[in-house]
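Everything below concerns the one structure shown next.
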Amino acid sequence: EMSNGDSNGPWPWSWHAKEANDAIPRATTTLLVIAIAALSFLFLFRRRKNVTPPMPPGPRGLPFLGYLPFLGTDLHRKFAELAEIYGPIYKLQLGGKLYIVVNSASLAKEIVRDQDMTFANRDPNIATTIATYGARDIAFSSQGPYWRNLRKLFVRQMMSNASLDMCYDLRRQEVRKVLSDLYKKSGLPVDIGKWTFVILINTVMAMMWGGTLKGEKREAMGAEFQKMASKLMELLGTPNVSDFFPALAWLDLQGVERDMKRVHHWLDAFIQSVVECATQGRTNEMFEQKEGESKTNEQKKDFLQIFLDLETEDDQSPMDKNEALKAILRDIILGGTDTTSTMVEWVMAELLQNRNVMSKVVHELTDIVGEDEMVEEHHLPKLKYLNAVIKEAFRLHPALPLLIPRTPHASCAVGGYTIPKGSNIFLNMGYIHKDPKNWDKPSEFRPERFSEDPSKYDLSGNNFTYMPFGSGRRICAGLPLAERILAYVLASLLHSFEWELPRGAELELSDKFGIVVKKTNPLVAIPRPRLSTPELYMAR
Ligand code: HEM
């Protein structure tokens, strides 16, 4: 009997995981016993030369294909199913690739803490390599001086508290713009993910190159950009036959490479035009330099400027520099927008589902911010309950439930099993976050588990039962910004408006897999102003 439901799948000829049953004739059993006895005899008398630990357990697959035909496209659900069968660590042979999936906090710790250095590489697939200008970004370059320098530059220059404080005004303006737009739509259903994305893309772009898209173009480009970014994320998460069978890669059977090139070119042209603006001082009708902004921020260069200055000191060819720069900008745009807007959507969906939690959040906002004021970033640390709500949403709906796979640069052992060099390690955080061994009533949305003891869990991966941003040297580089912007956007939406579902609409919380796991259907809800005067919504 197969416990994972594959027997109903499209592969009736599958023989994996089938177990011997009672029908085996007695004679066969006898032969088997003899064979086992003989083998044990041989084993005992074999000289113990080889003490390499065994490989992790895992489902058998088909010759050549391995487990690939049974994988499906919903990796996070499939990985959870298999964890129930095979336990804390298992392997999947997928064509020529070996995946190792880790499903327990203690084994996750062995990887991100005890052997962090060994597991500090990535194994970018074909789609990822295209999307990152040949793995020249922070997220996919191998550890080494190049990655370290980029990461250091990014974390110190852009993600420091001082830098983030200095560009608060840029975030504030973008949030306020959207709040006043939403005010005009009060009583009408709005797509929360779409509006959040507008805030995020403009904020991130403003922080990177101090300019934002103009007027009408802003919304149109924002929507187009969101489509492209989502498509790109989806492609990054699609299991691609070409990755598993390099000999077949030229066929591009699923068209992933073709689609990715198309998306990549669109984004590349977009980013290229921005870079040209900065390097050649050219104005581009798409971009509007914020007057006053550059004057008040004279001390602070935007990220692009910092990078361009730095470049003159090294000796890469100009072509390479251009591509490295664009790869990092791509990281920031993608890392910073789709993940965050997905999380805003999940939090809002859970709050609409759990009205008692929603009213506690709103109470807290009224208490701390007051109805005569808009939310400011300085309020955020005081919003303890909202912060617990956000953590709980990250537990149940981590945007990257398998993090970004890591690859060991040498063979090593984890949990008493051999992990071969070059295999892909998935930390199954979506599963660990719902493991009843770690969490009481794991399927319930209960922010109190975080507010009761706030120091027990943070977002920086110190508790291995909870790591929505990963942990160790490859932890999310954008965490400081993500934390601020997520809380700021949510607090602003929830303080400025009351939210309800359109009449007759059913809320559902299903998700679909890509590198970012998001709601299957966009969340649509109706805002109604709740602050004392309309002027508050108009003020910038
Ligand atoms: C809700 C928002 C976000 C979530 C859930 C998230 C999650 C993650 C996760 C799980 C990883 C992989 C960690 C690991 O391998 O252990 C990661 C890596 C990364 N993230 Fe984020 N992230 C978010 C926002 C951001 C933002 C705002 C930025 C940039 C401004 C960003 C930039 C990056 C980069 C550059 C890496 C690669 C780090 C490396 O490999 O060295 N992320 N993120």
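The values are calculated or read from the model by the stated rules, or taken from the named source; none is laboratory data. These figures come from a predicted structure and were not determined experimentally. With ideal geometry, Cβ positions are generated from the backbone for all residues, glycine too; neighbour counts draw on all protein chains shown.
Below are the figures for this structure:
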| item | result |
| --- | --- |
| Among (1) assigned to a loop (DSSP other than H, G, I, E, B); (2) surrounded by 16 or more Cβ atoms within 10 Å (Cβ to Cβ); (3) not hydrophobic (A, V, I, L, M, F, W, C), the one test that Ser532 misses | (2) |
| Cross-chain or 6+ apart pairs with Cβ under 9 Å, segment 473-490 first and at positive phi and within 7 Å of the ligand (Cβ to nearest atom), then modelled with pLDDT under 95 and not β-branched (Val, Ile, Thr) | none |
| Residue, farthest from the ligand (Cβ to nearest atom), within segment 413-432, restricted to residues that are under 13 Å from Ile100 (Cβ atoms) and among the aromatic types (Phe, Trp, Tyr) | Tyr417 |
| Filter result (farther than 25 Å from Ser460 by Cα and either part of a strand (DSSP E or B) or near the ligand (Cβ under 9 Å from one of its atoms) (or both)) within segment 395-412 | Cys412 |
| Lone qualifier among Ile419, Ile432 - being more than 22 Å from Val516 (Cβ to Cβ) and among the aliphatic types (A, V, I, L, M) | Ile419 |
| Odd one out for Asn387, checked against (1) within 16 Å of the ligand (Cβ to nearest atom); (2) over 30 Å from His363 (Cβ atoms); (3) within 22 Å of the chain's Cα centre (by Cα) | (2) |
| Sole residue being farther than 29 Å from Met207 by Cβ and under 23 Å from the mean Cα position of the chain (by Cα), chosen from Ser455, Ser510 | Ser510 |
| Residue list for segment 119-140, filter: among the acidic types (Asp, Glu) and surrounded by 24 or more Cβ atoms within 10 Å (Cβ to Cβ) | Asp137 |
| Verdict on Phe70 being touching a residue at least 24 places away in the same chain (Cβ under 8 Å), within 19 Å of Thr407 (Cα to Cα) and aromatic (Phe, Trp, Tyr) | no |
| Matching helices (runs of 4 or more DSSP H) fully within segment 67-114 where at least 3 residues are over 22 Å from Val256 (Cβ atoms) | 75-86, 105-109 |
| Among the candidates Glu323, Glu345, residue that is closer than 30 Å to Leu308 by Cα and assigned to a helix (DSSP H, G or I) | Glu323 |
| Selection count where residues are among the charged types (D, E, K, R) and near the ligand (Cβ under 9 Å from one of its atoms), scope segment 130-147 | 1 |
| The one condition in (1) more than 12 Å from the ligand (Cβ to nearest atom); (2) free of Cβ contacts under 8 Å to residues at least 40 places away in the same chain that Ala127 fails to fulfil | (2) |
| Exclusive hit being surrounded by fewer than 18 Cβ atoms within 10 Å (Cβ to Cβ), touching a residue at least 60 places away in the same chain (Cβ under 8 Å) and more than 16 Å from the ligand (Cβ to nearest atom), set Asp453, Asp435, Asp367, Asp440 | Asp435 |
| Counted residues, segment 350-363 - those being more than 17 Å from Ala487 (Cβ to Cβ) and touching a residue at least 60 places away in the same chain (Cβ under 8 Å) | 3 |
| Condition check for Lys185: modelled with pLDDT of 75 or more, within 19 Å of the chain's Cα centre (by Cα) and among the charged types (D, E, K, R) | no |
| Test result for Leu459, more than 11 Å from the ligand (Cβ to nearest atom), of a type in the set (A, V, I, L, M, F, W, C) and either touching a Leu at 6+ places or on another chain (Cβ under 8 Å) or not in a loop (DSSP other than H, G, I, E, B) (or both) | no |
| Hits in segment 81-98 (condition: touching a helix residue (DSSP H, G or I) at 6+ places or on another chain (Cβ under 9 Å) and either closer than 13 Å to Pro405 by Cβ or surrounded by 19 or more Cβ atoms within 10 Å (Cβ to Cβ) (or both)) | Ala83, Pro88, Ile89, Tyr90, Leu92, Gln93, Leu94, Gly95, Lys97 |
| Residue tally, condition under 16 Å from Tyr86 (Cβ atoms) and in a strand (DSSP E or B), over segment 419-428 | 4 |
